[in-house]
Amino acid sequence: MTEVAVVILNYNGKKFLQQFLPSVLNYSKQAEVIVADNGSTDDTISFLQSEFPSVRIISIQQNLGFCGGYNYALKKIEAKYYVLLNSDVEVTAGWIDPIIQLFESNPKIGAIQPKILSKSKPDEFEYAGSAGGMIDTLGYPFCRGRIFNHMEKDQGQYNDVVPVFWATGACHFVRAELYHQLGGLDEDYFAHMEEIDFCWRLQRAGHQIYYHGGTSVYHVGGGTLSSSSPRKTYYNFRNGLSLVFKHLPTFQLVWKFPLRLLLDWVAAFKFLLQPSLPDALAVLKAHAHFFSGFRNEIRKRKKLELELKNYSVHQFYPHFLVVDYFLLGKNTFEQLKIKNPRL
């Protein structure tokens, strides 16, 4: 068994592998680097075999999505720690060791992420993870360094090592044993918010999620789905409802879930005014598909209630982020004044 396996899930991402795989190989000598090809239709596999023969390839015959692809591939990899790494990420010297040292120092830590900076604007945090993921009382995710679409510049304000609510899927370090114990990623999510759901389950199982600001990577972002994609809008709203329904205790769910539905409709109306009809329709489609699969959502909630009775999670923002951001103008993490709240 290797200690660290860096696993890059690829779908028609040859250009990203050409650009970023060399940095992964150069700065990951202590790890096994693996590309899990998720049913690509380009010549990625022959390119890897020719240009990077040392890289192990796991070939998946069809595109199983982010969740299904990783679940398939990681069953075939024996390691103590997995690193789920996007193909559009450039790593830096020494990016692995500080995180493994943090794992070794605290057996309660289940997952860790490094600092995520923008490849195109290296002095800014990047949307997917920034300086550690957080979540508000209605299940809206945000980050230290990024609230909704407002990005902060990296001025060293998050060069710390702290617990967070969720660790980004763009560069996600996780104990392999826990990944399999908790059943991996929820494949119904396909892509988007699956790492938040997984980290929520980790916390309910009694583990901690950490951010390590002493190590950085650079993320292109939108490599699979553009940030303006109606398909991404669909997944974010559908999976957002599932996230809240699966995890909130019943006494909170009965009033927070209807409020979340209402705010989603407000968001759809806002899309119409922009105007962005495809995004507005994506919100409605997300709701329709969520409720058409409601039996499955109930089944998953009941399963979690039996397996993970603990609802207590940390780094939970107990206020309405939409109010703080859109009405009160709070667009930085510091302005929210979070003091390690719990649900």
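Computed values, structure above
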quantity: Per-region count, the stretch 1-18, residues in a strand (DSSP E or B), within 22 Å of the chain's Cα centre (by Cα) and more than 14 Å from ILE45 (Cβ to Cβ); calculated: 4
quantity: Matching residues in the stretch 97-136 - criterion: being in contact with a strand residue (DSSP E or B) (Cβ under 6 Å, 6 or more places away or on another chain) and of a type in the set (Val, Ile, Thr); calculated: ILE99, ILE109, ILE112, ILE116, ILE135
quantity: So PRO163, is it closer than 30 Å to SER276 by Cα and either of a type outside the set (Val, Ile, Thr) or in contact (Cβ under 8 Å) with a residue 40 or more places away in the chain (or both); calculated: no
quantity: Residue check, LYS80 assigned by TED's automatic domain parsing to the domain that holds SER28 and surrounded by fewer than 21 Cβ atoms within 10 Å (Cβ to Cβ); calculated: yes
quantity: Long-range neighbours under 6 Å by Cβ, at least six apart or interchain, first residue over 11 Å from LEU138 (Cβ atoms) and loosely packed, with under 14 Cβ neighbours inside 10 Å within the stretch 250-265, second among the small types (Gly, Ala, Ser) and at pLDDT 95 or above; calculated: none
quantity: Qualifying positions in the stretch 142-170 - within 20 Å of ASN239 (Cβ to Cβ) and surrounded by 20 or more Cβ atoms within 10 Å (Cβ to Cβ); calculated: PHE142, CYS143, ARG146, ILE147, VAL164, PHE165, TRP166, ALA167, THR168, GLY169, ALA170
quantity: Residue match in the stretch 138-159 (condition: β-branched (Val, Ile, Thr) and either at pLDDT below 95 or in contact with a strand residue (DSSP E or B) (Cβ under 6 Å, 6 or more places away or on another chain) (or both)); calculated: no
quantity: Leading residue by the ranking (nearest to ASN331 (Cα to Cα)) among those in the stretch 132-147 that are part of a strand (DSSP E or B) and among the hydrophobic types (A, V, I, L, M, F, W, C); calculated: ILE147
quantity: Hits in the stretch 235-256 (condition: aliphatic (A, V, I, L, M) and either modelled with pLDDT under 95 or closer than 18 Å to LEU306 by Cβ (or both)); calculated: LEU248, LEU253
quantity: Residue match in the stretch 304-324 (condition: among the small types (Gly, Ala, Ser), under 22 Å from the mean Cα position of the chain (by Cα) and either more than 30 Å from GLN181 (Cα to Cα) or surrounded by fewer than 19 Cβ atoms within 10 Å (Cβ to Cβ) (or both)); calculated: yes
quantity: Given (1) closer than 23 Å to GLN61 by Cβ; (2) in contact (Cβ under 8 Å) with a residue 40 or more places away in the chain; (3) of a type in the set (Ser, Thr, Tyr); (4) touching a Phe, Trp or Tyr at 6+ places or on another chain (Cβ under 7 Å), index of the condition TYR27 fails; calculated: (1)
quantity: Residue in the stretch 64-77 that is more than 27 Å from CYS199 (Cα to Cα) and either surrounded by 18 or more Cβ atoms within 10 Å (Cβ to Cβ) or out of contact with any helix residue (DSSP H, G or I) (no Cβ under 8 Å at 6 or more places or on another chain) (or both) present; calculated: no
quantity: Members of the stretch 202-232 found to be assigned to a helix (DSSP H, G or I) and modelled with pLDDT under 95, listed by number; calculated: PRO230, ARG231, LYS232
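The values are calculated or read from the model by the stated rules, or taken from the named source; none is laboratory data. Keep in mind that what you see is a predicted model, and the values were worked out from it rather than measured. Cβ sites come from the backbone with ideal geometry, for glycine too, and all protein chains shown count toward neighbours.
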